[in-house]
Amino acid sequence: MKENVVIIGGGIAGMEAAGQLLSLGYNPIIVEQQDHLGGHVAQWHRLFPDMIPAQELVQKLGESIAEANVFLETRVNFVNRLSDGWNVMLSNGINIVCRAILVASGFTLFDASRKEEYGYGVYDHVITNADLEAWLNGSADRRVPFRPESMGFVHCVGSRDMKAGNTQCSKVCCTTAIKQAIEMKERFPDSNVYCFYMDLRLFGKKYEDFYINAQKQWGVQFIRGRVSEVSETMEGRLQVKAEDTLSGRPVKVQLDLLVLMSGMVCNEHSSRMAGMMGLDIDSDGFIRSRDNEYHIVESNRPGVFYAGTCTGTKTVPETVCEARSAALAIHNYLKGR
Amino acid sequence: MIDRIASGFNPFVIPFLAGMAFVLGYCLISMIRIVLQLSHADRKKFLISLVTPGVIWRNCRDIFCDCLLHVKLWKRNRLLGYMHSSIALGWFILIVLGHIEVLLFVPGRINLFYYPIFFNFFVAENESTVQGKVLFFLMDFFLLVVLSGIFLAMLKRLRSRLFGMRRTTRHSLTNQVGLYALWAIFPLRLLAESFTAHISGGSFLTVPANWVFRQFLGNDLNMLPTWWAYSIALCVFMVVLPFSRYMHIPAEMMLIPMRNAGIRITSARRGLARLEVLSCPNCGICIDACPMSADRANLKDCTVYLTRQIRRGNEKRIDEISDKCLLCGKCQELCQVGVEGPKLRVAQRASRKYPISPDFSDIDVKGSGISAEKHEVAYYSGCMTRLTPSISRSVESLLRKAGVDYTWIDRDGGLCCGRPMLIAGRTEEAREMAARNMELIISSGAGTLLVSCPICYRMFTEEYTLPGIRVVHYAEFFDELIRQKRLTVEKSDVCYVYHDPCELGRGCGMYDGPRRLLSHAAFLAEADRTRGESVCCGGSLGSISLDFEHRKSITMSSLENLYSSRADAIATACPLCRSTLARYSDRPVRDIAEVIDNQTKES
Amino acid sequence: MDFGFGINRSSTIDLTKTDNGLFRRVCSEEPGARTCMACGSCSATCMASDLSGMSIRKVLLAMQRGQDIRHMLSKCMLCGKCTMVCPRGINTRRLVLTICRLYD
């Protein structure tokens, strides 16, 4: 009889950890709220920096967990502590007793309509990064014009913003904006593409090359200034106001499409789960690891482990690495090491 | 009744007389000083009003209703009302009855100031007493009324919630001395009159008490010390009065005529401002009223503490309190005396000197957004609405649907209306901005100025002179369009609770208009505290020093109040309230214009 | 002799010789001023900026570099939009009033 490990969340972190646990000889059980595995990545078009289709990654991970138990459209109703483990009650009526739980509940995309001044949901041609990925994946979106002359990307929407309640940097948006800008340029080579940024944080492998490419090959225009407000001209075009902080003067530009780079905020269900299991919440709203230097996948409770963005904003490679390390940590824990 | 003491004098009246002379002298001098502090025009206005028959009548009526009956307190809480009117009115009647007694029985002594107060000491019963039975009864009755009030006052210190107050003022030492002296006066009077009741007579209270005392006290030795104690208690109260909150008794009697004369606060400390500070009874109703008291750190920043610090001359705290206030106006709305807390604070802010003064002379507003052709309606969205484009978009959409000939005069930016500058205390600069804006608005040639921001609306109606231009808030304007059938609104089944923006509700008195408009499109629920008592959202520009993170608790308490209505969503009519509430709300927050626009068909 | 150029004052800001006393005094009353990350939201949203070049971001920077800020600051209308948009939650209205008060 293989030992159960409950994995809360079927995104790439949960999937990768499940695959590793399977090969280590455990019985991972993935509990996923949505009707599909792969989480946010499954909705994405291509991944930076090598532009591989996101579906490819999700598919690969899916193959590795073919033998795992997966409950889709299922929620964790209740978790209670047993003398030497946990009892997890699911919304489909199934009860699981296990010694280890992996929390991989991920993040929630910031609700861009909360930044009222950007007019998401008010103006016809304001979309989010997620909307654009869906459109790139082929779903119809009337908000994306047939032939946009110019378009803008607003970095840091709901990130590094005390007013939105999130002071953290979402890490991936800068690169995502550059990636999306390039993808749009590929489709509309004649259009003007502007990126409005506060700071460009391109820390990962080959991200800087990505940036250089966007400048040199694609002519994406970078404006150092946070967009403060969006209005509509008499003709119905979007008018974006920012300060070009490098020239020290206000700029305005008329656009046909504005893409808001919604950041990562803590998963709204995470705090509910943290409450049930007695997990600590960090000051940024994400779940708190035992420490932020060494014990990132470990929690303050015995047998509870973390992987991925439930503890903070992360990129795809970081998430995948963390999932593997969490699988190993669980293995060591269950072996009594 | 006949005189018991031939000289009509006993040394125990001296403390009373000394206290009385002091308090009358003090009050007279301070009142004269306040009148002298008024500007020449205000002084003239005030003195003329004092001899104008209509105003005299109003003054008498207001003084009777407010100072003696405490009508406003009765409306707020009956127990609180009874407590105050029993003491004030009861005491007043006791004094009047005392004078009647003297006039009736020993008319020759009416020129002795203390005689009506200590009547029972100086007289003895004789065969004519029977005529006085009714008077004696009334004296005892009103003494009982006052005593019941004193009892309630003691109870209030222990259980303020019974009186509808969660928090009460922490009193200073002088206030406490005054309080205990006031509490002591009436039980001592009962005791004193009881000890003399077998000589000077009494009624249902004093006669039985006298009988009880005589059962175990064989002589009259207690009589004189008790009368001394009574006189000393009166003396202490009167000596402390000018330095304690009880100064509000004389001050309010002068504040009412001054307000009826139409005088306004112009300086932070002098004239009317001084009088208002003295009129504050330190009752502490403003503590619960203040939206900032959601955070314990702000408990000492409401108006009652401002007036106290002004009286103490603690400049540092005066500045702190003046800068922190949101200027929501709720303390003034609920104040029984009518202390204008917000105006006192703005006057204090205005008293500061700045080496850098704003200068807008070289700002060119001409040509910005004003189109050459004239339109019926000029829409002025204001600064804040630019950050909530959903509002201006809905207003425009409704204007289009109704076929109104309009222009949006600050579409491409414009000048601020000046109110934020005004309430920061920079009056002259605000006037300059207003002057330039008036030019702009008049040059648009429109007959109607449509406003969607209550801050601008209040500024336009209070400080601007726009001849021939009707300034209208959209709440009224769209309601008219609906009545004229130029807009067809369909009622949805969503239930909204309306949050009164401070500037529109308490500021401009517009409570019904927005509700009427909203009810065309949705069902309405009311929060626990609503209209004049609604809770500021915490986003107000009125506060200079409250930081972003310190406003959250205020917003949360405002939301808690709105949640009490159990409505599905929150509607308001102010861009600042809308974004502040939406930041933390667990349910949708909409501007009324958005709600109406969603429910209005394209024509 | 004309070499085609004169000897002008160096345009370099010498931070060792810069007098940023005003900035330090302002910060002691308004510590939020130090948290500015120069995103430019305040200037972009400013009602006076368009008409006069006012920018609270530039004012903060100029004070740190020892430059005069009087002209820019005199254009502020205190409307409060910058306070609304500042992602660092700086109380810019009080900041402006503090600078106006401490300026010498």
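Read-outs: derived from the displayed coordinates by stated rules, not from any lab. Since the model is a prediction, treat every value here as computed from it, not as a measurement. A quick note on method: Cβ atoms are made from the backbone with ideal geometry, for glycine too, and the neighbour counts reach across all protein chains shown.
Within 10 Å of each Cβ of A:156-162, how many other protein chain Cβ atoms are there on average?
Working: counts 2, 0, 1, 1, 4, 7, 8.
That average works out to 3.
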Any DSSP H helix in chain B with Cα axial reach of 27 Å or more and mean Kyte-Doolittle score of at least 0.5? Listed by number, the hits are B:13-37, B:78-105, B:133-158, B:173-195
Residue-ordered couplings for the stretch A:168-174, obtained by feeding phi - 60° into the Karplus form 6.51 cos²θ - 1.76 cosθ + 1.60 and rounding to whole Hz (Gly and Pro as x), are 7, 7, 7, 6, 8, 5, 4
Under 5 Å from the placed amide H of A:VAL251, counting only residues 5+ away or on other chains, we find A:ALA242, A:GLU243, A:ASP244
Mean separation of Cα contacts under 8 Å (at least 6 apart) over the residue count of the stretch B:482-598, i.e. the relative contact order in percent, is 31 percent
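Cβ neighbours within 10 Å, averaged per peptide: list A:278-285, B:289-296 in order, most packed at the top.
Working: A:278-285: 14.0, B:289-296: 20.9.
Top to bottom by mean Cβ count within 10 Å: B:289-296, A:278-285.
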With 0.36 nm assigned to each residue of separation and the Cα-Cα distance removed, A:ASP141 to A:GLU268 gains 43.0 nm
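Evaluate 2.2 N^0.38 Å with N set to the residue count of chain C, then give the Cα radius of gyration divided by it. Mind showing how you got there, number by number?
Details: Rg = 15.8 Å, N = 104, 2.2 N^0.38 = 12.8 Å.
Normalised Rg, Cα atoms only: 1.23.
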For the pair A:GLU73 and C:LEU15, the simple spin-label estimate (label points 7 Å beyond Cα toward Cβ) gives in nm 6.0 nm
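Could you work out the relative contact order of chain B? I mean the mean sequence separation of Cα pairs under 8 Å and 6+ apart, divided by the number of residues, in percent. Could the numbers behind the result be given before it?
On the way: 944 pairs, mean separation 72.9, N = 603.
12 percent.
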Per residue of B:348-355, other chain Cβ atoms within 10 Å number on average 3
Going residue by residue through the stretch C:21-27, the Karplus relation 6.51 cos²θ - 1.76 cosθ + 1.60 with θ = phi - 60° gives ³J(HN,Hα) values, rounded to whole Hz and with x marking Gly or Pro, of x, 4, 4, 5, 5, 4, 5
Mean other chain Cβ within 10 Å across A:132-139 is 0
Partner lysines whose C-alpha sits under 27 Å from that of B:LYS552, ignoring same-chain residues fewer than 8 away, are A:LYS115, A:LYS163, B:LYS300, B:LYS316, B:LYS324, B:LYS330, B:LYS343, C:LYS81
Connecting every pair of Cα atoms under 10 Å apart in chain A and solving the GNM, the largest mean-square fluctuation among A:ALA54, A:ALA140, A:ALA42 falls on A:ALA140
Rounded to whole angstrom, the alpha-carbon centroid of the stretch B:392-420 lies from that of the stretch A:171-218 at a distance of 37 Å
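Once R0 is set to 60 Å, what does the formula 1/(1 + (r/R0)^6) return for the Cβ-Cβ distance between A:HIS36 and B:GLU476, expressed as a FRET efficiency to the nearest 0.05? Mind dumping the intermediate values first?
Working: r = 52 Å, r/R0 = 0.87.
Efficiency, rounded to the nearest 0.05: 0.70.
Highest mean first, what order results for A:7-18, B:249-260 on Cβ atoms within 10 Å?
Numbers: A:7-18: 30.2, B:249-260: 20.9.
Highest to lowest by the protection proxy: A:7-18, B:249-260.
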Sequence order, the stretch B:285-294: Karplus ³J(HN,Hα) from phi using 6.51 cos²θ - 1.76 cosθ + 1.60, θ = phi - 60°, Hz rounded, Gly and Pro as x, gives 4, 6, 5, 5, 5, 5, x, 5, 6, 4
Normalised per residue, the volume inside the convex hull of the alpha-carbon atoms of the stretch B:171-293 in Å³ amounts to 175 Å³
In nanometres, the difference between 0.36 nm per residue of separation and the alpha-carbon distance of A:ARG301 and A:ARG324 is 6.3 nm
Protection proxy (average C-beta count within 10 Å per residue), highest first, orders B:276-288, B:484-496 as B:276-288, B:484-496
Pseudo-spin-label distance B:ILE100 to A:ASN87, built 7 Å along Cα→Cβ, given in nm, is 8.1 nm
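Rounded to the nearest 0.05, what FRET efficiency is calculated for B:ILE29 and B:ASP512 with R0 set to 60 Å and r the Cβ-Cβ distance?
On the way: r = 47 Å, r/R0 = 0.78.
The formula returns an efficiency of 0.80 here.
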Given a Förster distance of 60 Å, the FRET efficiency implied by the Cβ-Cβ spacing of B:ARG483 and A:ASN95, rounded to the nearest 0.05, works out to 0.45
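Note down the relative contact order for the stretch B:409-545 as a percent, whole number, built from C-alpha pairs under 8 angstrom at least six residues apart.
Relative contact order comes out at 21 percent.
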